[in-house]
Each structure stands twice: as C-alpha cells, then as structure tokens.
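Heads up, the thing below is written out as structure tokens.
The values are calculated or read from the model by the stated rules, or taken from the named source; none is laboratory data. Here the structure is a predicted model, which means the values were calculated and not measured. Here the Cβ positions follow ideal geometry from the backbone for every residue, glycine too, while neighbour counts run over all protein chains shown. Accessible surface areas use protein heavy atoms only, side chains included; no ligands, DNA or RNA. Shrake-Rupley method; radii C 1.70, N 1.55, O 1.52, S 1.80 Å.
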Amino acid sequence: MKKISFLLLLISNYCIGQVITGRNTHMQHPVVNKPQHDPPEVINIYTEVLAYDVCTNQITVGNDSGYFVGDTVLLIQMKGAVVDTSNTAAFGTILDYRNAGNYEFNYISQKTGNILTFKNKLTKNYDIPDGVVQLVRVPSYKTGNFNGGLTCDPWDGTKGGILAAFGKVSLQSAESIDVSGKGFRGGAGYNSVYSSSSCNQNNYLYPSTSQFAGFKGESIASFSQNYSKGKGSFAAGGGGGDSHNAGGGGGGNGGTGGLGGYQTDSCGAVPFDNRGIGGKNLTYAASAGKIFLGSGGGAGHIDNASYPTSGGAGGGIIIIVTPDLTIYDNSIIANGFNGTYCYGADCNDGMGGGGAAGTILLSVNQIITPDGITVLAQGGDGGNILSTIVPGGRSGPGGGGGGGVFYFNGSSLPLNISYLATGGFSGIIVQDANNPHGATKGNDGFDFFNLVLPIDTAAFVHNIDSVTVSNSFSNCSTVFFNGFGYTKTSPIVSWKWYFDDGNTANTQNAVHTYNTSGTYNIKLVGTDINGCKDSAIKTINVIVITADAGSDQSFCTDVPITLTLTGTGSVGSYSWVPAANFNNNTLQNPVATVNTSSKFYFTITGSTGCTATDSVQIDIKPLPVVIATKSNDVDCTMPTSRLSATGALQYSWLPAAALSNSQVANPVASPRVTTTYIVTGTGSNGCTSNNAVTVAVSRNGGLELPNSFTPNNDGLNDCFGIKYPLGVQGLNFIIYNYLGQKVFETNNPTICWNGTYKGKRADPGNYVYYLKANTTCGPVEISGNVILVR
C-alpha cells in the first residue's frame, strides 16, 4: 500500500542554483534493481501551451485541470530548433536553436477557464505553437515523504518527461528518483519484406513510407514525414539504419550518440558504411540557460524479425529545488533506455540505438543520506544481436546513447554524491565473439557547478497605460491630429490613424484633409515593442469650405494685360493676393493687371472661420522677334530669290505658291510678279509673330559685263565674264586682242577669261569681246571693249 504524507506549501521566489563538473568514469552501467514498497509517484501535472499573450502575461493551455491560483509552474520549450535537411553529411546539423530548451519558473495569479495568468514577467522567449511548449505544475513541499520513489509521465510528443519539485523531499527506504526512458522517443521499429536489391542504401533521409531505412530518433527539432527515416541524425536524435540491416545510431544529449553497426555482410564482404549516425551533442551553458530531454536512438533496419527493433527512448529531466534532500541508499537517475534487440532464428537484422541520458538539476542546501547517493545520467546501450550467425550473415547492432548533463548548485560535489554520465555501450553480435560489427559507444556527458535556476521574480505590469488623442484641432476640412502614449517601460514604436473616410496615416502626429462635411469617428492605435496595443477614439465634426480660383490661363503679349478673374465656392468673404494686382482684392470676381507670369491665391472664409484656398496661374509669354529678309530681287539674270527668317523655332510663309517649301526658314522664291511674303514664326513658348519682305520682279534688264578686270590672283575682279549667268542659254562668248587673234571662247555662261593666252599671261591693254545668248528676257547680242590691267 502506498504511504505518502506531505504538506503543500507554496514557496515563492525560492532559488538556489549551482552547477557541477562531472566524473565521467566509464564503467559497466549498473542495474538499479532495489525492491520498492510502492510504485513510483508522479507529482507533476502537464499540459501543452497553445498561445501566449505578451501584453497580458497570459497563456492558453490545452488542459487546465489541476492548475490553480498560487501554483508554482515551469514553462519550458521542448523543440523548435532549425536543422539542415539536405541529403548530405550536413543533414541534421543544428542551424539555429531558436528558443528550444528555454525554461523558467513562475506562479499562477489568475485562472479563467484554460487561460492562466502569470504573476511575474517572463524573462525568456518561446516559439508558440511550433516550438512545442509545455506547462508543468511544480509542487512545493514543506515536508514531502515518499515511500515509492518519484518519476514523471513519459514524453508523449506534446508534454511530459519532466520531474520537478520545490521544498523538502524525503525518499524512504530504497526508493529512487528515476526518469529513465521518459525523454524523447526512439525511432519506431518498422518491419517489412525487402528484396536483395535493397543492399547499399546510403541516403541520409528517406520518407516515412520507404522500406530502405529505419526511423530516426526524436529530438529538439520536429521533422517532416518526408525525411523521418534514413541514416542521418536529426539534431540529437539517432539516425535509422539504412538497408540492408544496418543498426540505428544512438541518441545524443551532453555527449554524442554512437554509430549503429554495418549492414548485413551478405551484401558484400567489405563493410559498407550506411550505419545509423549517432545523434549530435547539444550545446549547454554553465548558467543552465537551456535544458533538454535525452534524445531517442534510431531504429535498426529490419526485414524479417518478428519483433521490430526500435531505438531506445532518452532520459527525462529532473529538477529538485530543496533546502534538505533526504534519501536512503538509492539514486537519482535519468538514464537513456537501451535499444530494442531480439533473438532467435529470424533476428539477422539491424538493432535499435540506445537513447541518450537526460538532464538533472539539483539545487540543494543539504543532502541527508546514510550511505551516499548516486546520480546517474548514462546513455542507453545499443541493441544486441543474439541469434546464430550464419556465414555472411552479420547485421548491424545498435549504437550507444550519449551521456547526459548534471547541474549542481554547489561549487563542488559533496563527498556523499557520486556521479556518472557515461555514454552507452554499443550493441554486439553475441554469438560472433561479441563483435560490434561497426557499432560504437556513445560519448560521455558532462556536469556543471554553481547552478542558478531561472525563477521569475519581477511582477508583471502592463506596459501601455493608455493612448489618447489631443483636442488641439479645428473642425475645418484640414485637421491636425496629435497622439500621445503613456507606457511603463518601452515606448510606443508604431502608430496607426484611421480617419473614418477610408484613409490612414502611420505617424504619431498627422494632418488630414476631408473632402466632405460630416461627423467622423477618429481612431488611433499605438503598438509597443512587444506588439501590445491600445487605442483611442475621438469624434469630430468637419465643415468643408470649398474655393475655386478658375482655370490657369496663358497669354502671348509684350504689353501688360487686364482680365477678370472668376472665383467660385462656398459662401463667405473673399480675398485675392497679391493684392497690388487687383482693382479690389475683396471682390469675388476682381479685375487683375498682369505684366509678368504670376500665381494668384483665392481664399474664402466661412462664418465658422474655416477657410479654403485655391490658386490660378496666369502666364505672360513674350512674342518671338521674327525678322524676314531676301537675297535679291528677280530679273532676267536672277530669276529666283532666297528668303530668310530668324528669331523663332518654326516658320510658315504666305503666299506659299512659287516657294520651294513654305514651312522652312529659308525657302527659294520664284515669283512672276512683284510679291510680298509674310512669315509667321512660332517661338519655344508657343507664341507667334509676323514679319514681311517684298521681292521685286523686273523683266527689262540684260546681261552685265564689266569694262575692265585685273587678273592678279588677289581674289578681286580676277576673271572677265557674265556677272549673273543664271538663266543664260545658247551662249557664244569670244574675246580678241588688238591683232584680231582669238584669245578666249566659251559656250558655258559660268566660265570667264582669266587673262591668259596659250598658257601665258596676256599683255595688258584693250581687248574686244562678242557675246550672243538667250536669256529669260529674250535673245541678246552685244559686243564691246574690256581693258586688261596688270
């Protein structure tokens, strides 16, 4: 019959914490097999945490049964780490612990259904819900006597695996505090029929439906079913043995897990390394900032065993905070379970890896024990193979689990405490001279001194007291809003205004213009660094005054103009500025005098004092200065004239008839009668102006020849010929000297005599010419004298 007597007493803010350096002496793991008077007692209550509201310091739990106001509770995150999931040797490497392993003690100050309020402010962060956070009720004893020992509920994927107690704890007779195998679960054994072609499977990951590998052990990261099998260790969880018949790797915690054994050597004489990889060791700090369950070992790969060989479960977590721990010839144990093994004729398969040891935290002032106590955090052994080995029939035993972690609050370990955190032994093939066939033991764990437990002591207070909207704004269309936030610690970090017309703003103070008169409910929301919010609502009446100064206008002019500006809008008084431009700037439609480009502002003031202003732009643009010229008048020798216009960007000539192109600056004119051409030039500002030029036409003129010339190559009068050859046709032009000798002759009106004869300079003197040609004015036949001057 169970005999337990204790008096519950809530012990607030009780915290003694120190850490311990281990004595990892390897030895054959002892078997604790002492008779107990009663079954071990589970003193904790567990529930998963579904949500946390940092603004109210409240959590939502899955089951509130057994939780009451005043309870001491432990909040702890079990998983949530991020790992590498590539099919490489890096598989399972922890990339980010995130908040996995974070934990702290607090107290329940209020309970409303499944919503529990913490008394004190949390000091750590948690990833809820994907981090798998649980809440553990921790009893506080004035005197707690236990006749059957203590244990905890096993970890079930969302809760359990933790034994925690505050206050005096006394274990009678041969009882132990034992959470062995209560931690992360080992990879489940999976049996299926495989063909011989499944040898040498070597991936780090396989999906849950694959027949080519065993399941991985559980650890601080949640894995997808797409890679729940395979030799790769997932964080600290041991990898599953790959096909064909490789052993599972041991789980890890303080120490890494051991490798599983090789696949069956019936696949080949040389060992092929597709062993389940041991779980990685987890990072701990002397401050006990994070604590973890022991991780599970990986399952062996099997294809014909009648009993699937699962990986061993890891050890749980023990936290004892007490002024006096009384214990008689017994132990505090958080060992990992051994990997599952089988024996018989059909056991030529891979065996399960051992689970890693758990974590033990002792914060005690005095340990009372007559014979000493042993603290055990040892990894589980890998599964053995006990069946008869036929030639070529060796398969992989399981790898040993890693050792655990022990924290002690003292600066050294008392003489009446011994500690073992050794790694588990590898499995062996018993009937093959204890051959491990590639399986290895787990690595030892470690210990720390000077433990300080994270017990929350600072009372929680709401950070945001209030958010308010000031009254310093008018009821006109443009409203100035001011926001104020009152906080305890961290300030408001973001603001959001809702103006009740579909518009918002994100500043503490805002200016907003309404387009319609009416009543508006203004809302301001302030958010602090924790995401906590408060809001305020203010109702305002808005009167919208409208003003319209008219449309912008442009004028092309070089002189001042006067015009009437037209203002429209709400009823009220009027004002135009700058006032100096108006005959009366208080009229709704005043006359303005404008000589340069100007902007005028029109303001209407309503009876409530609200105003509205609009502006109108009057642009004065200068006219371009257009100049029109001609190259010559038209006669018998000059039948065309080149017109030219300057001072603008674009041009248009009239009349367009007899022009080569009326839209260019320099057209060629061929008039039959005297004509006045008007050009319109458009400047860069779009303004236009005109100018004119007259081309006279005369049909009475003849050919013109000079009476002398000086061929001295000075560029002046060097050649004797027709001055205006244009329009000359059928030419016969001959020059004679005084002896009657012909010195020059041409039919080309553009060629003239350069004063040479037979390649030599002709003598100065008088020469006679004869010219006969047709011109635009009719046939011409002339003769005359010309003097060559040297």
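Structural remarks
- Residue by residue, segment 359-371 carries 3J(HN,Hα) couplings of 10, 10, 10, 10, 10, 10, 8, 8, 10, 9, 8, x, 10 Hz when phi is fed to the Karplus relation 6.51 cos²θ - 1.76 cosθ + 1.60 (θ = phi - 60°); x denotes Gly or Pro.
- Beta bridge orientation in the chain: antiparallel %, DSSP, nearest 5: 70
- Per residue, the solvent-accessible area of the chain (1.4 Å probe, heavy atoms of protein chains only, all protein chains present) comes to 43 Å².
- Extension gain (nm, one decimal) between THR776 and THR676, 0.36 nm per residue minus Cα-Cα: 33.8 nm
- Projected-area mean, the chain, by convex hull of Cα positions, square nanometres: 70.3
- Kirkwood hydrodynamic radius of segment 442-529, Cα pairs, Å: 16.6
- With the highest mean first, a sort of the peptides 522-528, 226-232 on other beta-carbon atoms found within 10 angstrom per residue produces 226-232, 522-528.
- Extension gain, LYS121 to GLN650: 0.36 nm times the residue separation minus the Cα-Cα distance gives 182.4 nm.
- To put it simply, the accessible area of the chain at a 1.4 Å probe is 52 percent carbon and sulfur.
- Counting every pair of alpha carbons in segment 285-444, the share spaced more than 21 Å apart comes to 50 percent.
- Pairwise label distance in nanometres, ASN748 with THR516, each label 7 Å out on the Cα-Cβ vector: 8.8
- Amide hydrogen proximity for MET78: with H placed 1.01 Å from N in the peptide plane, the residues at 5 or more positions away or on another chain lying under 5 Å are GLY101, VAL133, GLN134.
- With contacts taken as Cα pairs under 8 Å at a separation of at least 6 residues, segment 42-155 carries a relative contact order of 37 percent.
- Placing dummy labels 7 Å off each Cα toward the beta-carbon, the span from SER535 to PHE555 is 5.6 nm.
- Pair SER411, ALA458: separation of 7 Å Cα→Cβ label points (nm): 2.9
- Hydrodynamic radius of segment 268-322 by the Kirkwood approach over all distinct alpha-carbon pairs: 14.9 Å.
- Listed residues VAL697, VAL571, VAL634, VAL591 arranged by accessible area, highest first, probe 1.4 Å: VAL571, VAL591, VAL697, VAL634
- Relative contact order of the chain, taken over Cα pairs closer than 8 Å and 6 or more residues apart, is 9 percent.
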